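The values are calculated or read from the model by the stated rules, or taken from the named source; none is laboratory data. Worth saying up front: this structure is predicted, and the values here are computed from it rather than measured. Cβ placement follows ideal geometry from the backbone for every residue including glycine, while neighbour counts extend to all protein chains displayed.
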Amino acid sequence: MPRKLIKKFMPDERKLKSNRYLSWLGSHIHDPNLWHLSRKSVSKAFFVGLFCAFIPLPSQMLIAAVVALFVRSNLPISVSLVWLTNPITIPPMFYFAYWIGTLILGGDVVAIDFELSMEWIKAELEYIWLPLLVGSMVCGIVSGALGYFLMQRFWVWHVNKSWHNRKKRKFILRKLKQAITPQENTESGEQNNQEDAARDPSDPTLNSTSSSTTSSNTTPKPSSDSDSKKPE
């Protein structure tokens, strides 16, 4: 099942529950529905995580956690996917979003060094906030929708593949069982024949059995009444 595969890449549940940035969620973070792995919850988590990854704010993880709480998506996946935006990926991702927003609004593209920090936001955001916001929303919606539908298809494909593999294994085991059973019957028949052929013909048991069979088959002939007395 896809659950086993996804669990390998999920963050540790205990560490995530003890994260200080998520502690304000209180008892909501212990809701088992937020940790459940199903096709629906995981697909929604991909949409939430990829969408929030394009939000040009430092508090992406908090936003993803709140959205996951409301839409009932898988919390660990929703939060972990926003880590796609890191110091290495932030410049190309947000410059691409800014470029998309500029194309949509019809403005001029300006070379900008993106940093996801409050200092950069205070210094640069007032000049580029509109194209960056529009581009980020478009990129977030498109990437989130792609993640949602791709996860839906992957889940169905993985389940069908597991079902076919299980069915194939059962078919092979059934064929092997059918091939072994006649061979065992043949070997047992040959062994019985060899035992019968190896019996000693001088065995008194066999002689008594054969003599009793012969005597039972032999019946005395009735006496003939043809000899009658001669008249005096």
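Some notes on this structure:
- Restricting segment 150-165 to residues that are exposed (fewer than 13 other Cβ atoms within 10 Å of the Cβ) and of a type in the set (A, V, I, L, M, F, W, C), the residue that is farthest from I63 (Cα to Cα) is W163.
- Scanning segment 43-84 for residues that are β-branched (V, I, T) and surrounded by 23 or more Cβ atoms within 10 Å (Cβ to Cβ) yields V48, I77, V79, V82.
- Members of segment 70-104 found to be part of a helix (DSSP H, G or I), under 16 Å from K40 (Cβ atoms), under 26 Å from the mean Cα position of the chain (by Cα) and not β-branched (V, I, T), listed by number: L75, P76, S78
- Index of the failed condition, Y127 passing every other in (1) hydroxyl-bearing (S, T, Y); (2) under 39 Å from the mean Cα position of the chain (by Cα); (3) assigned to a helix (DSSP H, G or I): (2)
- Residue list for segment 105-120, filter: in a helix (DSSP H, G or I) and in contact with a helix residue (DSSP H, G or I) (Cβ under 9 Å, 6 or more places away or on another chain): L105
- Any chance S143 is at pLDDT below 60 and surrounded by 10 or more Cβ atoms within 10 Å (Cβ to Cβ): no
- Total residues in segment 85-107, condition among the aliphatic types (A, V, I, L, M), modelled with pLDDT under 90 and surrounded by 16 or more Cβ atoms within 10 Å (Cβ to Cβ): 1
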